1. Tell me whether segment 94-106 contains one or more residues that are closer than 24 Å to ALA168 by Cβ, among the β-branched types (Val, Ile, Thr) and in a helix (DSSP H, G or I).
2. Would you say ARG163 is in contact with a Gly (Cβ under 6 Å, 6 or more places away or on another chain) and not in a loop (DSSP other than H, G, I, E, B)?
3. Counting only residues that are at pLDDT 80 or above and under 13 Å from LEU77 (Cβ atoms), how many does segment 129-140 have?
4. Just one of (1) open to solvent by 50 Å² or more (accessible area, probe 1.4 Å); (2) at pLDDT 90 or above; (3) touching a strand residue (DSSP E or B) at 6+ places or on another chain (Cβ under 9 Å); (4) of a type in the set (Ser, Thr, Tyr) trips up THR84, so point out which.
5. For segment 93-124, which positions are surrounded by fewer than 20 Cβ atoms within 10 Å (Cβ to Cβ), in contact with a helix residue (DSSP H, G or I) (Cβ under 7 Å, 6 or more places away or on another chain) and not polar (S, T, N, Q)?
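The values are calculated or read from the model by the stated rules, or taken from the named source; none is laboratory data. Nothing here was measured: the structure is a model prediction, and the numbers come from that model. Note that we place each Cβ from the backbone using ideal geometry, even for glycine, and neighbour counts take in every protein chain shown. Accessible surface areas use protein heavy atoms only, side chains included; no ligands, DNA or RNA. Shrake-Rupley method; radii C 1.70, N 1.55, O 1.52, S 1.80 Å.
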Amino acid sequence: MQRSNGGPMICHRCREAKEIAGIPLLQTDWESFEDINWDRIAINYELLGREQLRLFAEQQGEDTIYGLVFQLSQNYLLEIHINTLSGIAGIPGKMRQIANWGQELSDDGWREKVGLWYTPAWKFDCLGMTFQGELSAVDDFHYRLFEELHDDSGGGAQLDEARLKAIAAIQSSPEYASIRKAVNFRFYIADDDGLDYHTKEHIGS
């Protein structure tokens, strides 16, 4: 995606495939909080998520996914985490890289300790980072959104609502449908702490 002459962010691959014509421009000249177009913000999140899934599907191959987590993260990010069946085998190795404890655990010990739903140990911990080069202009969208809203205490509820609306739209999209999923596939919506957004319980429990 890139911004053309300060105009809308355009996903050229999607446009060529006639799937997504363009991403609406996020206004940066709001005069007041009441001027914010939340529908436009939701559409930006939706199309970003759809493009991430499209890029993922291109390289997925036969490796089916058992879990997907949409996370309403800090700095106004909407992150998508995915783990595949082959990714289960990689959980112990990734935990040994990121944890400063448990180095004595066996592979089975690691999988028993953290389970299958600890997203930092997943094969695709964050699609936004995996495809950062392809989607670099979207970082600007998140940065400007954060700059506009982070000092306004009234923005939290609307922002969550926009992201939840985007998640629902992503799940109804052809990009989401095209992902190869295991029979027992599950998805969750998580808050910034990685807990289920609605129940505040650990995901996968």
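1. no
2. No, not satisfied.
3. The total comes to 1.
4. Just one mismatch for THR84, condition (1).
5. LYS94, ILE98, GLY102, LEU105, ASP107, ARG111, VAL114, LEU116, PRO120, LYS123
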